[in-house]
Structure formats: structure tokens, C-alpha cells
Amino acid sequence: MPIPFVEPFRIKMVEPIRMTTREERLGILSRASLNLFKVKADDVFIDLLTDSGTNAMSDRQWSAMMQGDESYAGARSYYRLKDAIEDIMGFPMFIPTHQGRAAEGALFSVMVKPGDVVPSNRHFDTTMGNLLELKARPVDLVVPEAADTSLDAPFKGNMDLKKLEEFIQQTGRENIPLGMLTITNNTAAGQPVSMENIRGTADIYRKYGIPFFIDACRFAENAYFIQQREPGYAGKSIKEICREIFALVDGCTMSAKKDAIVNIGGFIGLRDPGLFEQLSGKLILHEGFITYGGLAGRDLEAIAQGLYEATDAEYLKYRILHTQYLGDVLEQAGMPIYRPTGGHAVYINAGAVLPHISPSRFPGVALANSFYIEGGVRTVEIGSLSFEHVDPVTNENVVPDLELVRLAIPRRVYTRSHLDYVGETAREVFVQSEKIRGLQVVEAPALLRHFLAKLAEV
């Protein structure tokens, strides 16, 4: 059988991981109130909770960190990152932040007021949380194909352009301070967005005079999908595709903890000098001076180098095939997965695995907990616990259309044998799926409850 992919790197340093017993894990999970966010990392064998900040940096990134300029103002590391962002994305201005949700929080605090409505293909949890905290309404307008977990379509993360225009006309441009688009679409199973769709979204926002921002945390993976799947882009480089994407927008929010392959950091990319000035004041108050934004100079250096490594074609080929391999392994174990696999994660259809558990009893969380119990594998629910919320404008309860479990793969961390182990764990979970019980919330905050909730079996 041909080898599907080869890691384009050698391993120079290793970190030991510890296997616990099933009995130990039952006790650990019980003490964590059945919430995997509360489990200590030392008690996890394979950690697929997130690909955010869990990446392995390269020798060149570590080397770049030694050149970090820790000056409070005007550090050369800031200008090095500025040059990298302008080279790859084309933004003449940027504001560093300590991570992506801080970028979202700063941007929304300046542009969004209570009662406003912000459309997107799909908002992720922190984006939604930042808007809800401002008493604004996040609205998801992803294409209908996204709801079909088995449909093999190339760009299921796309914005529904017809719905977007109808929504703007019905809502009124005056109530929409900005429009968003997430690439890749994390809540929609990591599915990519086509260049045609990005351009169409830009045209509609521009028609109504609405500033257009991209959630760019996985922009390089999305560019690779465009190169591989969209007619007319096979001969273009990843960097060329990235420049074309960002030329269509007014700005972006970025969690560098994803496609800059670092452990901390983010930024806002901008074209508008007026907005840059407004945001600079916010940054100084909440993050730090505008040339470090809550980060050390060494972090800025690592991000600058990581942006270039993330746009390397060979790395991206490995990255996408690595994820695809995990999807194949899970399917072989009996798990119904969301097809096609995305860039950073594989999503299991928890509702299909556990049809006896209603969405109100959180089948995604129950399935994720079973992965931990059976194999020490930590995953995360993308379903009702994470995304059910009350619309602040209509007061209606909004529930997701799918109950999923996401297995997010940290960049350059796990080998094929680790993924094979996850597959064996999945096989054991699937065999015992009829015995898995639903859950109820015992205690939780109003916003982003999945991070801190205490749960109990029903």
C-alpha cells in the first residue's frame, strides 16, 4: 500500500507522555465534574482538545526567539512581524494581541454596539461570546450543504450568498457594523471557503458599505484547499492565493496559535488608518503598547517565522493528509465522521453514534468523555453545550444543527502511530456506544459555559 504522507521534518526533542489506567481516568473525570477542560494535561495521553497553541515550533522559530527585542516601544521584532504580515497578507497596518479572542474583543468593542447584528458563515465560540457580551447578535449563514455530514463537496464552509443579501436587506445596513467570514470554517467541521465565495461575500458587503473582516486563524490551510480544489488555482503559489484572499477584505482577526504555528499570540490586520488609531487606544489600555500588544518580543519573532512556515506547500500537504489519515482511521473503527475531512481536525457525528441521547443531554460531551475513559484521548464537543445560546435581540433560544465531537490535531506534534492509537480507542468506544449515558448541567456561567460547566450523568 502506498504511503499516504510523510512528515516533512525530523524530531529533535521529545516530551514524555504518561498513560493512565481506565480506573484512574474514571476518577479523574469524576473529580473534573465530567468536563474535559478541567482535566490536567498530565492526565491526558493523546490531547486532541485543540490545535490552538498546542503546536511544535521549528528550530528556526526557536532560533528567531533568541533575537527577540524586548524593548517596550518600537522593538525591531514588531517591525519584523509587520513586514511578514504585509508580505503574506498585504495589510499595511496591524495590531498585535496576546491571542485571537483578544483581537476579536478589541475590534468588536470599537465597532459593535448593543442591538447590532454581525453575520458570518459561522461564528466560533469566542467570537460568538465576544458579541453576546456586547449584547449584539451573531448570525450564521453557512451554505445548506454544511448540514449534510456525508456530502462530499469541496467547499462546505462557504457563506450562503443569497441568504446574506436577503439578511442585509431585512435587517438594515445601519444595524450591521461589520461582516465576518471564517476560513476555514471551524464550527462547520473545518470546511474550507472557496475564492469565488470570498469574492462574492466581499462584493455583497461592499455593495451595502459594510466593512468586511476575515477570521484568518487557519488561512493557510484554506489557501491550500483552494489551490487543490478550485479551478484556476493549481498553478498559483500558496502565498499568491493568500494575497488574493486578503486583498478582498478590510481587515482580519488572527489567532496566531493556529496557522502561525506558535503557542501564544494574535493580531488584527487593517487597512483603515482611522480604525487603527481607535484600536491603538484600546490596545494600550487592555493589552500593552501598540508595538508589543501583550506579547514578548520573542513571541513576535516566532509568529513572523511561523507565518512563512505555515504557507510552505510541502508542510501544508503533510498537514492536510495527516488530518485525512485520522479521518480514515476513525471510519475504519466504525465512527461516522463529517466528510470530507477539514484542515485541522476530524469531526465525529456524535448524534449518529449516540441516537439514544437527545441534544439536550449533550451527546457530543458524552462521546468525548468516553474517548477519555477508554483511551486517555481528550477531544472536545462542538454542539449544544458549546453553542446553544439566547439571541439577545429576539430572546429566542438558538441551537446548533449538528452534535459533533472535534478531534483537533496539533501541528507537528503527533505521528501516525499516535493517530492509529486514537483509532483503536474509537473502536472500543463504538463497541460500547449503546451504554453511554446523557448528561445534564449542574452549574455553569451564562457565557461560554462549556469551558467551566459542571456536569452529571442523567
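The values are calculated or read from the model by the stated rules, or taken from the named source; none is laboratory data. Here the structure is a predicted model, which is why all the values come from computation and not from measurement. When we count neighbours, we look across all protein chains shown, and the Cβ atoms used for this are built from the backbone with ideal geometry, even at glycine.
Couple of notes before you dig in:
- The stretch 148-168, subset in contact with a Leu (Cβ under 7 Å, 6 or more places away or on another chain) and outside any loop (DSSP other than H, G, I, E, B), residue nearest to TYR347 (Cα to Cα): MET159
So that you can scan it fast, the table gives a plain yes or no per residue for (1) basic (Lys, Arg); (2) part of a strand (DSSP E or B); (3) buried (at least 21 other Cβ atoms within 10 Å of the Cβ):
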position	(1), (2), (3)
TYR372	no, no, yes
ASN395	no, no, no
ALA426	no, no, yes
PHE430	no, no, no
GLN440	no, yes, no
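- Of all residues in the stretch 11-46, those being acidic (Asp, Glu) and closer than 23 Å to GLU309 by Cα number 1.
- Residue check, ASP59 in contact (Cβ under 8 Å) with a residue 60 or more places away in the chain, surrounded by fewer than 20 Cβ atoms within 10 Å (Cβ to Cβ) and out of contact with any strand residue (DSSP E or B) (no Cβ under 8 Å at 6 or more places or on another chain): no
- Filter result for ALA41 (free of Cβ contacts under 8 Å to residues at least 24 places away in the same chain, crowded, with 16+ Cβ neighbours inside 10 Å and either in the same structural domain as LEU385 (by TED's automatic domain parsing) or not polar (S, T, N, Q) (or both)): no
- Residues satisfying the stated conditions in the stretch 133-152, i.e. out of contact with any helix residue (DSSP H, G or I) (no Cβ under 8 Å at 6 or more places or on another chain), within 17 Å of PRO192 (Cβ to Cβ) and surrounded by fewer than 22 Cβ atoms within 10 Å (Cβ to Cβ): PRO144, GLU145, ALA147, ASP148, ASP152
- The set of residues from the stretch 109-130 being assigned to a helix (DSSP H, G or I) and surrounded by 23 or more Cβ atoms within 10 Å (Cβ to Cβ) comprises THR127, MET128, ASN130.
- Just one of the listed residues (VAL390, VAL398) is under 19 Å from HIS450 (Cβ atoms), within 21 Å of the chain's Cα centre (by Cα) and of a type in the set (A, V, I, L, M), and it is VAL398.
- Residue identified as in the same structural domain as VAL442 (by TED's automatic domain parsing), part of a helix (DSSP H, G or I) and more than 19 Å from the chain's Cα centre (by Cα) among GLY351, GLY327, GLY364: GLY351
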